Amino acid sequence: MNPLKWVTSRLVILVPYAWLLIFFLVPFFIVFKISLSTTAIQMPPYDPVFDGTGTWEKIKQLSFDNYVWLTEDPLYYRAYISSVIIAAVSTVLTLLVAYPVAYGMARAPSSIRPTLLMLVILPFWTSFLIRVYAWIGILKPEGLLSQLLISLGLISEPLQILNTNTAIFIGIVYSYLPFMVLPIYSALEKMDYSLVEAAEDLGCTPTGAFWKVTFPLSLPGVIAGCFLVFIPAVGEFVIPDLLGGSATLMIGKTLWNEFFSNRDWPVSSAVAVVLLLILVIPIVFFQNAQAKAEEAGR
Amino acid sequence: MKSLGNIRRSFAPWNDPSAKPYIAFENITKAFGSFIAVNDLTLHVFQREFFALLGASGCGKSTLLRMLAGFEQPTSGRILLDGQEMSGIPPYRRPVNMMFQSYALFPHMTVEKNIAFGLKQDGMAKSEIEDRVAQMLKLVKLEQFGKRKPHQLSGGQRQRVALARSIAKRPKVLLLDEPLGALDKKLREETQFELMDLQQELGLTFMVVTHDQEEAMTMADRIAIMDRGQVKQVATPAEVYEAPNSRFVADFIGSVTLFEGKVEKAEGNRIEIAGTDGFPIRAESAVAVTPGATVHYAIRPEKIRLTKARPADPSVNAAEGEIWDIAYLGDMTVFHVRLASGKVIKISQMNATREAEEPFGWDEQAWVSFPANAGIVLTS
């Protein structure tokens, strides 16, 4: 290989890594450093601030006290556990809604598939915030859903959905549905339908063929979809803030409160770092699953 | 007609009026919207027969196979298998198995699991399944590959796994949809013979769909030639080649030259045709024709002689022409001879010796000749 080619081939890899380094790793270290600081009534509201003077002295001031604090106040680990549970339940619910949608799309005539795909992506054309706001109008006691059900005679009292975990589940399922539908659809669409026919030909009922052939082959899509929903849902802030009640504990909301209401940057930074560590584990699993899927898909 | 029967073995239940068909398609019509894929088709296949459905793509042959497998429902008509009416029986309860054109091997399962799949559905005992899988792997010579996944196999190996999987359940009928279509020519030829041996060994009824006439001729006991949802002729390979029943079949199978003409004289089966190509044709007709009728005389390239001079025997049909094209294929040479009428005649000569006795060159004058019984008179 000639030297120029070698340099350009390295450069191609270097650019994205440099991007990640600058825009991910460096901010992470800044946040990490803030989490080791103490609050102070100044701008920025923490101490010490590295400005090139007395650096060594300042490094000695850093401590893990904020992390110790997170373990001492039950609010934080409750918020973490509650977030993970809400995210996990929402992920399962999203899967249950998304799978039939993706299946229907993949089995639809190929001429209308692009339209169906567009319809799935269409909500992204409106602001996420506005769409979540719109759900308040639907879910509130005097909202559209209650009115509709009352007028149909299905219920007599208005529904108390808004400000409950149910509203959060609805919000997350609605908002993250495309992230689940698309990977499952792409897995199902690639699948050769004659595999299902072969399974039936060999004595499988249609239900049996689904569980023995279709579902296992769509599993990489299911796994990808679950992670794409679970990971952002854990740290979700807007949906619990707008649709959830005061009793709803989610780490994203806690973080926001620490940062903006309490103006405690160091503690909220510690919360963020721990959240990241919690999410790194499923991300690593996700990466592994992806690599395996690629291996199997060859 | 002399014995243009089955040259492979003495097996001809279709000539036995008392034999009961094993598979019966009766007045089957299948429409997809306004498109008629299969049109009022009746076809009988006998037990242990190796039966081929041959036709161009879109002729309805695959649809017919899929109706027998249960993937498509006939619009009208009925299918009987071993005397049992098949309509309403879903694919998973039919005693037939199919080998798919794409093989449809389950990519997430090993070769063994693929073969065992159908057996497990039947609730066969585990030890019995293991024995059967081992037996199948041996049959298709893949003993070493049981633990591999389909994507770790070559095309030919995958084809054999698909075959093993489809015969593992010992179906009453094995359906093969273009079974050799994805293999290269040499492997295809080898596999044709393997399939024939396997069919003999297992005593199963095979029904194969193919567009490759050589494949159908090699393997099948009988061939059904299909066109636009209908069967044009059902006969042994030798019959469809030597005694086609129509111009379509004559033209579809192998190479042929068709002469058109009016019947001039008819005495018993010996007739004389006033050909439109400038020379009279004496022929033997298997079907009764009346003078004045327009008929076609079909003749295969290898049954025509090419000579420099007119043959001495005045009873043979002969015409003079110019050598228009020569294609040397090694085992034989194909000549295109152009008559004065503009008609181009295809002639093939075996290259039985390394040097031709009478070598021909381009643009030379030559005589084509053939005896009366070399070709066949077609009225449709």
| task | Quote the FRET efficiency, to the nearest 0.05, computed for A:Thr8 versus B:Ala293 with a Förster distance R0 of 60 Å and r equal to the Cβ-Cβ distance. | result | 0.15
| Under 5 Å between amide H atoms, partner at least 5 residues away or on a different chain: which partners does B:Asn39 have, H built in plane at 1.01 Å? | B:Lys30, B:Gln230
| Hey, what D do you get for the stretch B:255-378 in µm²/s if you plug the Kirkwood alpha-carbon radius into Stokes-Einstein at 25 °C and 0.890 mPa s? | 164
| remark: HN-Hα couplings for the stretch B:199-205 via Karplus (6.51, -1.76, 1.60; θ = phi - 60°), in whole Hz with x for Gly/Pro, come out as 4, 4, 5, 8, x, 8, 8
| query | Could you give me the ³J(HN,Hα) list for the stretch B:84-98, computed from phi with Karplus coefficients 6.51, -1.76, 1.60 and θ = phi - 60°, whole Hz, x at Gly and Pro? | reply | 9, 5, 9, 5, x, 8, x, x, 6, 10, 8, x, 10, 10, 10
| note | Note on chain A: C-alpha Rg/Rh, Kirkwood Rh, two decimals, gives 1.06
| task | Would you give the gap between the C-alpha center of the stretch A:173-232 and the C-alpha center of the stretch B:190-233, rounded to a whole Å? | result | 37
| request: Sort B:Asp313, A:Asp192 so the one with the fewest other Cβ atoms within 10 Å of its own Cβ comes first. | output: B:Asp313, A:Asp192
| remark: In order over the stretch A:279-286: 3J(HN,Hα) from phi, Karplus 6.51/-1.76/1.60, θ = phi - 60°, whole Hz, x for each Gly or Pro, gives 7, 4, 4, x, 5, 5, 4, 4
| field | Expected 222 nm ellipticity per residue - DSSP helices of 4 or more, -39500 (n - 2.57), all of chain A, to 500 | value | -22500 deg cm²/dmol
| request: Would you calculate the separation in nanometres between label points at A:Trp211 and B:Ala274, each defined as 7 Å from the Cα along the Cα-to-beta-carbon direction? | output: 7.9
| query | What nm value, rounded to one decimal, do you get for the distance between A:Ala291 and A:Ile150 when each label is placed 7 Å out toward the C-beta? | reply | 5.7
| If you stretched the chain out fully between B:Arg310 and B:Ala31, how much longer would it get, using 0.36 nm times the residue separation minus the C-alpha to C-alpha distance? | 94.9 nm
| said: For a test of the definition: using alpha carbon positions, the gyration tensor, and the 1.5 limit on a/c, classify the protein assembly as shown as rounded, prolate or oblate. | reply: prolate
| request: Could you pull out the pairs from B:Lys185/B:Lys346; A:Lys190/B:Lys61; B:Lys232/B:Lys262; B:Lys138/B:Lys169 whose alpha carbons sit more than 18 Å apart here? | output: B:Lys185/B:Lys346; A:Lys190/B:Lys61; B:Lys232/B:Lys262
| message | Could you tell me the calculated FRET efficiency between B:Leu202 and B:Asp251, based on Cβ-Cβ distance and R0 = 35 angstrom, to the nearest 0.05? | response | 0.50
| said: For the pair B:Asp122/A:Asp241, report the inter-label distance in nm, with labels modelled 7 Å from Cα in the Cβ direction. | reply: 6.4
| remark: Per the Cα gyration tensor, the stretch B:174-268 corresponds to an equivalent ellipsoid with semi-axes, largest first in Å, of 31, 14, 12
| query | At a Förster distance of 51 Å, what's the computed FRET efficiency of A:Trp125 paired with B:Asp131, Cβ-Cβ distance as r, to 0.05? | reply | 0.25
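No value in this document is a laboratory result; all are computed from the given coordinates. Quick caveat: nothing in here was measured; it's all calculated off a predicted structure. Ideal geometry is used to build each Cβ from the backbone, glycine not excepted, and the neighbour counts take in all protein chains shown.
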